[in-house]
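Here the structure comes first, spelled out in structure tokens, and everything after it is commentary.
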Amino acid sequence: MSDVDPGSPEFPLRELLGFHVESADGVGRAWLDVDERHINPHGTLHGAIPFMLADTAMGGATMSVLPDGNWCATLDIHTRFLSPCFGGRVTATATVRKAGKRVVHLDAVVTGDDGTEYVAASGVFAVIPVG
């Protein structure tokens with residue numbers, strides 16, 4: 001796997017939040033090092049951050065199994081917040097469970113470097129033919 005190809009569409013949110021993305025062969029990863037941009041008023045990682053990482057990793061995993069000329073879009077993501085995060089690197093890893101012609105089903109987990117599972121998620125992405 002390698003970080004997203006520089007020739008891919010612009011992704012300003014990536015620069016704003018400082019995360020990285022890679023995907024290949026039905027697996028996607030998105031990660032960042034937690035800093036003050038990502039913390040809620042209680043001093044823990046804001047829930048939107050692991051959700052965004054899981055969504056992004058799922059999108060990457062989906063795109064890695066689609067034929068050229070297709071895009072994808074999130075239809076549904078179910079998240080379960082398992083543990084608070086107080087800092088460090090967080091990584092979402094998504095895996096395609098089943099890829100159909102119209103939808104792709106995925107699972108994801110967001111973990112810390114020490115193996116702590118912060119979020120578990122499952123999702124469904126639409127396959128959108130372009131052109």
Which residues, taken from the range 112-131, are of a type outside the set (D, E, K, R) and surrounded by fewer than 21 Cβ atoms within 10 Å (Cβ to Cβ)?
-> GLY112, GLY115, THR116, ALA120, SER122, VAL124, ALA126, VAL127, ILE128, PRO129, VAL130, GLY131
Could you grab me the full set of residues in the range 19-38 that are closer than 13 Å to ARG89 by Cα and part of a strand (DSSP E or B)?
-> HIS20, ARG29, ALA30, TRP31, LEU32, ASP33
What are the residues in the range 62-71 that are surrounded by 15 or more Cβ atoms within 10 Å (Cβ to Cβ), outside any helix (DSSP H, G or I) and of a type outside the set (Gly, Ala, Ser), if any?
-> VAL65, LEU66, ASN70, TRP71
Test result for VAL90, assigned to a strand (DSSP E or B), out of contact with any helix residue (DSSP H, G or I) (no Cβ under 6 Å at 6 or more places or on another chain) and buried (at least 19 other Cβ atoms within 10 Å of the Cβ) = yes
Right, HIS105: assigned to a strand (DSSP E or B) and surrounded by 14 or more Cβ atoms within 10 Å (Cβ to Cβ) or not?
-> yes
Go through the residues of the range 72-85 one by one and say whether even a single one is among the aromatic types (Phe, Trp, Tyr) and open to solvent by less than 20 Å² (accessible area, probe 1.4 Å).
-> no
Considering each residue of the range 21-61, count those that are surrounded by fewer than 16 Cβ atoms within 10 Å (Cβ to Cβ) and either in contact with a strand residue (DSSP E or B) (Cβ under 7 Å, 6 or more places away or on another chain) or over 24 Å from VAL127 (Cβ atoms) (or both), and give that number.
-> 10
When you go through (1) polar (S, T, N, Q); (2) touching a residue at least 60 places away in the same chain (Cβ under 8 Å); (3) more than 15 Å from ASP25 (Cβ to Cβ) one by one for SER83, which number turns out not to apply?
-> (2)
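Conditions tested, residue by residue: (1) closer than 23 Å to VAL130 by Cβ; (2) touching a Phe, Trp or Tyr at 6+ places or on another chain (Cβ under 6 Å).
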{"position": "VAL21", "(1), (2)": "yes, no"}
{"position": "ASP33", "(1), (2)": "no, no"}
{"position": "PHE51", "(1), (2)": "no, no"}
{"position": "ALA57", "(1), (2)": "yes, no"}
{"position": "THR62", "(1), (2)": "yes, yes"}
{"position": "TRP71", "(1), (2)": "yes, no"}
Kindly indicate the residue of the range 108-131 that is β-branched (Val, Ile, Thr) and in a loop (DSSP other than H, G, I, E, B) and also nearest to ALA48 (Cα to Cα) among those meeting that condition.
-> THR116
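The values are calculated or read from the model by the stated rules, or taken from the named source; none is laboratory data. Just so it is clear, the model here is predicted, and its values are computed rather than measured. Positions of Cβ are backbone-derived with ideal geometry, glycine not excepted, and every protein chain shown enters the neighbour counts. Please note that ligands, DNA and RNA were not included when accessible areas were found on the heavy atoms of the full protein model with its side chains. Shrake-Rupley method; radii C 1.70, N 1.55, O 1.52, S 1.80 Å.
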